[in-house]
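So the structure is just underneath, and the comments pick up after that.
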C-alpha cells in the first residue's frame, strides 16, 4: 500500500512538472501576434499586393497583346482588377493572422518568442526588418538573372521532351 501511494505521488509530481513545462514551452498567442506585428507582416502583405498589381496587369497585357480588341482588353483589365481586389481581401492580414500565429506557435517556445521580440526591438533587429524587403528584392533580381541565362537550356529541354513525346505517340 505504501508503494502504491509512493508511485501515485511520484506520477502526480511528474505529471504536474510535465504540465507546467509544457505550458512554458507553448508560446502565448498574444506574444506571437506581438512578434508578427513587430516584423510588420501585415504591412508586408499589403505592400506585396500593391507591388504585384501593376506587374501582374503588365504581364497579362503582354500575353494577350494583339489577340484582343482595345474594348475587350479593357473588359479583361477590369475583371483582372476585380480578381486582384478579391485576392487582396481574401489574403488580408486579418484573415491570415491566426494561421501565421499557429505556425509560429508550433515552431517556437514562449522563451524563444520573447528573445525574438527583444532582438527585433533592438537597433540591429529594426535594421533587419527595414532591410529585409530590399534584400529580398535584390535576391529576386539575382534569381531572375540566372533564370534568364538558363532559359535557352530550359527551352531546349522542353523541345527535346516534346519531340520525344511526339515520337512515342507515333509508335
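The values are calculated or read from the model by the stated rules, or taken from the named source; none is laboratory data. Small disclaimer: the values here were computed from a predicted structure and weren't measured. Don't worry about glycine lacking a Cβ; one is built from the backbone with ideal geometry, like all the others, and counts go over all protein chains shown.
Meeting the requirement of 3 or more residues that are at pLDDT below 85 and within 20 Å of the chain's Cα centre (by Cα), the helices (runs of 4 or more DSSP H) wholly within the stretch 1-95 are 41-64.
For residue 100, indicate whether it is more than 25 Å from residue 51 (Cα to Cα), within 18 Å of the chain's Cα centre (by Cα) and in contact (Cβ under 8 Å) with a residue 24 or more places away in the chain. Answer is no for this residue.
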